[in-house]
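Colleague: Encoded as structure tokens, here's the structure I'll be asking about.
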Amino acid sequence: MNYYIITGASKGIGKAIAEELLKDENNRVVGVSRTNSLKHPNYRYQPLDFSDIEAVEHNLQKVFLPYKDAERLVLINNAGVLGDIGYVGEGMPNERFEFVFDVNVIVPAMLMNTFLEVYRTLPCEKVIVNVSSGAGKYPIDGWASYCASKAALDMLSQTIQQEQNVRGTGVKVYALSPGVVDTGMQEHIRESDADQFSNVQRFREYKANGELASPEAVGKKIVEFLHSTDKYNDVLVSVRDM
Ligand SMILES: NC(=O)c1ccc[n+]([C@@H]2O[C@H](COP(=O)([O-])OP(=O)(O)OC[C@H]3O[C@@H](n4cnc5c(N)ncnc54)[C@H](OP(=O)(O)O)[C@@H]3O)[C@@H](O)[C@H]2O)c1
């Protein structure tokens with residue numbers, strides 16, 4: 001059996017990945033998020049709010065059950081938030097930095113840590129995919145927390161892959177950029193004020209010109225990627241190159 005633990009499988013890209021995986025009866029999917037919208041005999045939902053670190057810590061054992069029959073175990077850290085769009089030093093509440101980092105960095109790090117620890121002795125194939133962003137590779141005004149959080153996720157992925165290489169575990173770790181995808185996150189971007197994000201008009205045009213990828217198309221590409229990880233040796237990967 002193949003087990004896929006996907007955060008943020010309730011909407012957008014995460015939901016599309018889960019639905020694509022559930023087409024194969026050898027796959028079991030565990031979805032972790034605040035809400036649920038999936039129902040399938042091979043799907044298990046674990047409610048969790050990543051902005052409540054204490055609750056996450058207390059519920060980790062419910063996410064990572066002892067899957068002794070696993071031939072393949074995959075953790076997909078997909079849940080993510082953009083946070084408030086706006087310039088630092090112009091009315092941004094301080095606690096919003098913590099919120100974005102909790103959801104985008106701290107909880108993914110806790111999940112990777114627990115996944116590697118709990119399944120260390122299982123001899124099956126193990127893969128971690130952290131859904132990152134181009135925004136972690138260059139600055140975008142108005143998105144400081146988001147850009148910094150995705151850069152942190154990229155470096156966590158690279159460091160953990162290096163550690164796994166030193167230990168010779170065979171575990172593969174990726175930070176995957178999905179491209180520009182038609183989800184709630186893009187809606188939130190389009191609604192922002194040009195004074196808070198100078199490039200907002202370009203994002204409105206992406207939608208108006210039909211340039212956004214559908215979550216379904218991107219979910220399919222990510223599942224194809226998961227079936228061919230032997231071809232990908234770099235930690236930083238992009239759906240655009242798949
Ligand atoms: N869409 C794009 O163009 C784009 C581009 C680059 C990177 N990405 C990345 O792709 C990933 C998925 O984004 P998306 O576009 O699919 O966004 P989305 O439609 O807004 O979905 C976000 C997912 O994250 C979950 N989530 C949000 N806050 C959470 C919390 N506090 N605790 C637990 N789960 C939480 C949501 O579930 P609940 O609401 O049920 O909790 C939801 O399933 C993110 O990491 C994002 O940064 C997206």
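The values are calculated or read from the model by the stated rules, or taken from the named source; none is laboratory data. What you are looking at is a predicted structure, and each value in this text was computed from that prediction instead of being measured. Cβ: placed from backbone, ideal geometry, glycine included. Neighbour counts: every protein chain shown. Just the protein is used for accessible areas: all its heavy atoms, side chains included, with ligands, DNA and RNA removed. Shrake-Rupley method; radii C 1.70, N 1.55, O 1.52, S 1.80 Å.
Colleague: If contacts are Cα pairs under 8 angstrom and at least 6 residues apart, what is the relative contact order of the stretch 1-56 in percent?
Modeller: Contact order relative to length: 31 percent.
Colleague: Where Rh is the Kirkwood radius over the Cα pairs of the chain, the temperature 4 °C and the viscosity 1.567 mPa s, what D in µm²/s does Stokes-Einstein return?
Modeller: This corresponds to a translational diffusion coefficient of 71 µm²/s.
Colleague: May I ask you to derive the relative contact order of the chain, considering only C-alpha pairs under 8 Å and at least 6 residues apart, and to give it as an integer percent?
Modeller: Computed value for the chain: 20 percent relative contact order.
Colleague: Right, something else. Is it possible to state the helix-based mean residue ellipticity at 222 nm for the chain, with each DSSP H run of 4+ residues giving -39500 (n - 2.57), the sum divided by total residues, to the nearest 500 deg cm²/dmol? What is it?
Modeller: Per the formula, -11500 deg cm²/dmol.
Colleague: What nm distance separates the two modelled labels at E163 and E216, each placed 7 Å from Cα along Cα→Cβ?
Modeller: 4.0
Colleague: Ranked from the most accessible area to the least, with a 1.4 Å probe and all protein chains present, what is the order of V171, V118?
Modeller: Order by accessible area, largest first: V118, V171.
Colleague: Chymotrypsin sites (Phe, Trp or Tyr not before Pro), restricted to the stretch 171-240: which are DSSP loop and have at most 16 other Cβ atoms within 10 Å?
Modeller: In loop regions of the stretch 171-240 (DSSP not H, G, I, E or B), the sparsely surrounded chymotrypsin sites (Phe, Trp or Tyr not before Pro) are Y232.
Colleague: Among the listed pairs K62/K221; K68/K231; K11/K207, which have their C-alpha atoms separated by more than 22 angstrom in this model?
Modeller: Among K62/K221; K68/K231; K11/K207, the Cα-Cα distance tops 22 Å for K62/K221; K68/K231.
Colleague: Which GluC sites (Glu not before Pro) does the stretch 151-228 hold that lie in a coil by DSSP with at most 15 other beta carbons within 10 Å?
Modeller: Here the sparse-neighbourhood loop sites are E191, E211.
Colleague: Still on this structure: Assuming a viscosity of 0.692 mPa s and a temperature of 37 °C, what translational diffusion coefficient in µm² per second does Stokes-Einstein assign to the stretch 77-146, Rh being the Kirkwood radius over Cα pairs?
Modeller: Once the numbers are plugged in, D ends up at 236 µm²/s.
Colleague: While we're looking at this one, here's another question. Report the local net charge at R204: Lys and Arg +1, Asp and Glu -1, summed over other residues whose C-beta lies under 14 Å from its C-beta.
Modeller: -3
Colleague: Consider just the alpha-carbon atoms of the stretch 113-218 and return their Rg together with their Dmax, both in angstrom.
Modeller: 17.4, 53
Colleague: What percent does the relative contact order of the stretch 126-242 come to when contacts are Cα pairs within less than 8 Å and at least six residues apart?
Modeller: 30
Colleague: Do any GluC sites (Glu not before Pro) in the stretch 64-114 lie in a loop, going by DSSP, with at most 16 other beta-carbon atoms within 10 Å of their beta carbon, and if so which?
Modeller: When the GluC sites (Glu not before Pro) of the stretch 64-114 are filtered for loop state and at most 16 Cβ neighbours within 10 Å, E71, E90 remain.
Colleague: Still on this structure, please answer the following. Leaving out ligands, DNA and RNA but keeping every protein chain, what accessible area does R72 have, in Å² rounded to the nearest 10, with a 1.4 Å probe?
Modeller: In the full protein context, R72 sits at about 20 Å².
Colleague: How large is the accessible surface per residue of the chain, computed with a 1.4 Å probe and reported in Å² as a whole number?
Modeller: On a per-residue basis, the chain sits at 49 Å².
Colleague: A follow-up question, please. Rounded to the nearest percent, how much of the accessible area of the stretch 111-200 (1.4 Å probe, protein heavy atoms only) is carbon and sulfur?
Modeller: 51
Colleague: Report Rg (one decimal) and Dmax (nearest whole number) for the stretch 8-73, counting Cα atoms only, units Å.
Modeller: 12.3, 35
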